[in-house]
Amino acid sequence: MQEMLTFLIQLVKERRFCGLSTADNLRRELIYKLAIGDATHSQIVKSLPRDLSSSDQLQNVLDSLAAYSNPSGMKQGKYVLRKSCWKELDLYHPRWNSRELQIAEERYYRFCKISALNAQLPRWTHVFNPLRSISNIATSKAVLQIVRAVLFYAVYSDASSASRAPDNVLVTGLHLLWLALDICESERQIHAGQYGMDVVQHDDESWVVLSSAEEAFPILTYSTELVSPVSDKVKKESMLTLLVSLMHKYKEENDATFSGSKYCNIPSLIEILLKKFAKLSKECMVTLRQMAPHIVPSTPDHTSTKESLGSSSDSMEKKAKARQRQAEIMAKMRAEQSKFAESMKSSENEGHDVTMLETDVSSSTGVVSEESLPVCSLCRDSDSKSPLCYLILLQKSRLATFVEMGNPSWENPAQVNKTVSVKREDSTDSSVSGSSTSEELVNDTTVEPSFDIDNMEVDAFLDFSNEQHPLIRYISSFPTGHSNSTADENVSLEAIEADIYSSILNDLFGSSNAHIQDSDQMLPSNTSNITVDTKRTRSPKRSVLGTYVSCLSAKHRHSSLYDVASKSSASVTTRNRFGPVDCDGIHISSCGHAVHQECHDRYLFSLKQRYVRRLGFEGGHIVDPDLGELLCPVCRRFANSILPASPDFSGKTSRMVRPFVQTLTPQVVTTTSDVNRNCLQFPRALSLLESAGKIVGESKFLKAISGKLNETTNPALDPCIRRLAMLYYPRSHSSFSPSKRLNPSLFLWDTLRYSLVSTEIASRGRMSSHSAESKSCLESLRGELNSSSGFILSLLFHAAHSARNLNRLEVLLRFEGIQLLAGSICSCISGYKDILNATKRKGSLPSMVDPASEGGLFPDIQFWKQCADPVLAQDPFSSLMSALFCLPVQFLSSAEFFIPFVHLFYVVCAIQALITCYGEETFDRSNFNDCLLNDVCKTMSGYDIAREYFVSKYIDPSCHPKDMVRRLTYPYLRRSTLLWELLRSSATSPLYDGFNIWEGSHLYLSNSTQDGSSSLAMELNGLRELEDLFQIQSLDLILQDESVHMLALKWSQHFCEDYNPRKYRGTLFSTPAVPFRLMQLPDVYQVLLERYVKMQCPDCGSVPDEPALCLLCGKLCSPSWKPCCRTGKCQNHALQCGAGIGIFLLVRKTTILLQRSARLAFWPSLYLDAFGEEDHEMQRGKPLYLSQERYTALTYLVASHSLDRTSEVLRQTTISFYD
C-alpha cells in the first residue's frame, strides 16, 4: 500500500525530464546525495547521472549549496550540505531506498530540530503545458477514495491485532492528500489571475472566498460526503470526520511521545490539512466549525484569538509539566548535595589534628585529597584494601636522537642511515673510564688505596668477589679490626638522612643554622639516635662502596654475574651511562584510569588463561598478556604496567599530597640574604656537593646504615619495576632480580628524566600557538603539565622520590653517586679510578667494580660510571637530575638549593654550547675575543676529540653569535622549568579536560607556518623569560666571570685527559628548541614516485616490489621479508631505527604504515588531490599534493608518543604479517 501511495506522489510531482533545468536537476541530485552523508568530490561525481556529472555547472552549483571541509586527521576533504539547503530536501526522490531515507530523516532532524515528515511536505510545481493535466490524478475521486480507506483503517484499527494502515502508510497517505490540496490552491490562484476573480485572503488561519467553480476538484467536492460502511457497527464517515477522529485519537495516545521527536507528529500534520480544507472550500469550513471549532472558529475576527488561547493553554500545560519534572530533579540533587556537605563536615571534624598551616597550604595549592582519587575501573569498590594504581604505558623512545640529528630530506638520500650509528657508538665503551686501561691499573702496584674499610666489610667484600673472580681471594690490602658495637634497631633511613642533612647545613652555614630544615620532611622521633663509639672512631675509615657491598646478603651475593654476561651478549661491552641499551630512554603515559593491584593481577591472569586456551577477548590480537599488556577496560587504550596512586611507601598513615617545594622559612631567608641575586649562585652548589661528598662518607653514618634498620617495601611497585627492567635490559633482566640490584628508585628517576625531556620536545611544536593567545613560555609549559596526561609525571616523581630511601642499598647507591659527582665536578677527577686503585694491588680486580668485566652491566655500576664521567661529557639536564637524585631527600624540597644547581649546570651548558659553536667554521668568533673563555674554547676546538664530540646540526650563521649560544641553552632551561613546576605541583590525579589528539596536532601545525624572524623573536623572548625566572645573568657577564673561566679550564682539561684514550667516545649534540620533524617530502607526489619507485635497496641492491620509505631516517625498506635483506624489512628496521617505532610511506599505495614492534596499522595517505581526496594505489590517476595538515597530525602523534594511545590507530591495529 505504501509503495502505491509513494508511486502516485512521484508520478504527479516528478520533474526530472519535464520542467527542471540542468542547474535545478543538479541542485536536486546534490541535495539528495549530501542529505545521506558528507561526501568527497569523487563520490559526488560518481553518484550523479552521466549527463549531469559532465555538466560545466557542477562545481558552481556544488559550491552554492555545500561547504567544503578541509582534510584533517584521518578524514578526507568532504562537502557538507549547508543548513539553509535542508529545506529543499525531497522525501520522494525516485532513487531513495528505505535505509538512505531513514538516514536522511535522522540527519534532517539533527540539523533542523524538526521532523522531516512534518516539514518537508510534497509540493506542486509548474510543468510545461503538454503535461499540465497530470495534476488531475492527485485531485481525482479515485485518490480520495484511496486516502479515505487509509484513514478509515487507521481510525478503526483493533489494538489487539496489527493495523491495516500503520503509521508509515498513514503518513504517506496524508502526504498525498497534502499534495492534492496544494494543487487545488495553486490552480485556483492561476485561474483567478487569468479570469479576474477576486480572491479574498485574510491571514494564515482565515479562509478564501471562492466561487462555485470549486466543483472542478473532486478532492474538495466529495471530502464531506458521508459513506456507508460495510459493517453496521460503524457509523457513516466522511474524509473530514475521519481526519478529526484520527487527530483526537493520536493526540490522546501519542502527543507526549511524538512532540518534538524525529518521528512524524501526526496530530499536527492533520491539523494543518484541516486548515487547508477550510481555506479552500466553504462547505468544508462549515463542517469543520461544527466538528473542530478550536481549529476553524465560528467568526473570522475571533479565530486567531481563540486559537492562540487554545494553543497557549496547551503550551502552558506542557510547561507546567516540565517545571514539575525539573522540580523533582532539583529536589533529588539538593538531597545529594546535603548528604555530601554533611560527609565533608564530618571528615573535617575528624581531622582537627591537622595544623592550620597545612590547611592553608593545601587549600591554596590545590591539594588532591583521598576523596578525589578515582575508583577501580574493574570492581568499583572504594573500600578495598588493595593499593590503587593507574594504568600506564611504558614505551621506548628515540625522540631526542631524531631531533638532534635533524630530519632527513628526499632531495639528499645519501645522508640517511647515519642516525643509528652515531648514537649506538655513544652507548658502548670497551675501554676503562679513565686515562689508563685495566691491565695497566692491575700491573701498577705503587698507588696506595684512597680509602679503608673495616674487617666486617672486607669479609663481605671478599665473599662477594670470590664468587665472581677466583684470584680476588689473594687481595689482602684492607685493614683489619673488629667492633662489638651495633646500631640502634629503631633508627630509620629517614632519620639518618635527616641527620646527614643537618650536618651538611651545619658544615655550609655554621652551627647556628644547623636547625634549618623542612619540618615536613623530618622525623623528630627517630633523630639523634646515631651514637658513635669513641674506640670505633680510632679505627680506619669506612667507605660507601664497602658498606654497599657488605649490605648485599649472602643469598644475593651468590648469584653469578657470569650468567648475566652470557645472556646479554657474546662479547662483553660496558656503558658509561645508565639507561636503556637500544634507545634514548623510556617514556611514560597514562589514560588516567585506575585499578586495584589485585584486580589488575586477576584480570591479567584471566586474559592469560583465555590466551592459552585460544579463547577470544577484546584486543587479543594486539596485546600479549605474558608481557603485562592489556587494553584499558574503560577507554580501550593500550597499557602494559601499573603505577601506585599513593606516593607514600612508608606504611604510615597517608598524609595529604602537598607541593614539594615549600616557602622558605625565615631562618633560611636570613641565611641567604647576603646572596646577590644578580650574581650566579653556582658556588653554593659546588660547596654543597663538596660538603655532601665528605659527610656521607663519615663512619658514624655508614655504621648506622650497615646496622639493623627499619626498611620499607612496596609490592605495588613490582609490576612497574619488572616492566622497566625488561625495557632497559631486554636480554638479562631476569638475572638482575636475584642479585637485588634492580634499584627501583634509579629506574623510576631515569624514566622521569627522559619523560620530562620527551615532554619538552613534544611541546616545542606548539610554542607558537600560544603567542596568539598571549601566553608566555612559562604558561605554555605549565599547561603541558596540566594536560590530561601530565599528571602521571607528578605521580612518577612522588613515587621515585619516596623510593629513594626504601632500603639501605638505595641510600648507599645515591651516597656513592654524590661522592663521584663531587669528585668529577669540584675536583675534576674521575672518582672511579679510586675504586680501581684500591683493589688492584694484588693482581686482579673484583668483577663488581671492573669496567671490563660483566659487572659493568648492572644498573648501579653504570650509574656510578655516569656520575664519575667528566661533567662536560654529560648532558647538563641529566647531570642536574643525577645530582638531585643523589643528594639527601630534604634538599629536593628546598627552594634555596634548587636554583644554585640550575646555575651550575647552566654554566656547563653554556660552555658546551660555546665549544660546539667554536668547532663550526661558519661561526663568527670575533664577538668573543674579549671574553675570558675565548682561549679555553679556542684551544678545545683545536682538538679532534672535542670537534668530534661536541656537534650541532643547527648552527645558524645568520643568527647573532651570542644569541646562537643562548639558543643552545634554551632546551636545558625549558626542561629545568618543567622540573621546577613539577616540584611545585601537587596534582596526582588526572584532569579530564577532553583534550583531543587532533586539537593538539592543530596547535602543533601553527609552528611550521611561521617565518624565521617571528620564530626567532619568540624563542629569544622565551629565553629571556626563563633566564629571569632562574635569576641568570646575561651571557656577557658569565663569559667575563673569573670563576667560570677557572671551572671551564679545569673541566676541559679533565675531559681531554679522560676521553683521549677512549676508543668509542660518542657524540654530544647541542640543539636549540627546534620541534620534532619527520622527513621532508616534496609537494607533488609524482616527484617522490619517480625517485623511489625504482630505487635499489641499500642492503641487497635489488629493487623492492613494494618500496616503503622510512620517514624517520629516510631509508628505503620493504614490508615483505626477504632472505637476502633481513634488515630491510619494516619491522626489523623499526627496531634498529626507532626502538620499535617505524613510520613508513608505502610508495606504490600512498598510504602510511605505522609499526610498533610487532603491531602495525595503516594511516591514510599524506597526498591528496585538489579536492582533498585520497587515491588508493593511484587508480584514479589524479595529481596528488602533500597535505601539510595530515602530515603535521602524524608528526604530532609520533612526537607525543600517542600511536598506542589513539583509538583511531588502535582500531586498525593488528599483529598479522603484512602481505
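Bear in mind these aren't lab numbers, they're just calculated from the coordinates by the rules spelled out. Please read all numbers here as calculations on a predicted model, not as lab measurements. Glycine gets a Cβ as well: all are built from the backbone with ideal geometry, and neighbour counts include every protein chain shown.
Structure above, values below:
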{"quantity": "Packing-based order for 913-926, 896-909, using average beta carbon neighbours within 10 Å, highest first", "calculated": "896-909, 913-926"}
{"quantity": "Fully extended contour minus Cα-Cα distance, from Gln1040 to Glu106, at 0.36 nm per residue", "calculated": "328.8 nm"}
{"quantity": "Those residues of the range 1182-1200 whose amide nitrogen sits under 11 Å from the label point placed on Val1087, 7 Å along Cα→Cβ", "calculated": "1186"}
{"quantity": "Label zone at Arg1024, where the point sits 7 Å out along the Cα-to-Cβ direction: the range 961-981 residues whose backbone N lies under 14 Å", "calculated": "963"}
{"quantity": "Estimated inter-spin distance, Glu225 and Gln337, nm [label 7 Å along Cα→Cβ]", "calculated": "6.6"}
{"quantity": "Most to least packed among 1103-1110, 222-229 [average Cβ atoms within 10 Å]", "calculated": "1103-1110, 222-229"}
{"quantity": "Amide N of the range 1100-1121 lying under 18 Å from the label point, which is placed 7 angstrom from the Cα of Leu1186 along Cα→Cβ", "calculated": "1108-1116"}
{"quantity": "Cα-projected label distance for Cys18 with Lys282, points at 7 Å along beta-carbon direction, nm", "calculated": "3.5"}
{"quantity": "Förster radius 41 Å - calculated FRET efficiency between Ala67 and Ser163, Cβ distance, rounded to 0.05", "calculated": "0.45"}
{"quantity": "Packing-based ranking, highest mean first, of 745-752, 77-84 given that Cβ atoms within 10 Å are counted", "calculated": "745-752, 77-84"}
{"quantity": "Too-long pairs where the Cα-Cα distance tops 24 Å, listed order kept, from Lys251/Lys282; Lys141/Lys279; Lys1129/Lys1182; Lys113/Lys279; Lys953/Lys1115", "calculated": "Lys251/Lys282; Lys1129/Lys1182; Lys113/Lys279"}
{"quantity": "Subset of Lys865/Lys962; Lys87/Lys276; Lys78/Lys1149 violating a 23 Å alpha-carbon distance limit", "calculated": "Lys865/Lys962"}
{"quantity": "Pairwise FRET efficiency - Arg925 versus Lys1094, Cβ, R0 = 51 Å, nearest 0.05", "calculated": "0.60"}
{"quantity": "Simple spin-label estimate for Val612 and Ala216 in nanometres, 7 Å along Cα-Cβ", "calculated": "9.0"}
{"quantity": "Separation between Cα centres of the range 1147-1195 and the range 125-194, rounded to whole Å", "calculated": "53"}
{"quantity": "Modelled FRET efficiency - R0 45 Å, Asn129 with Ser98, Cβ distances, 0.05 increments", "calculated": "0.80"}
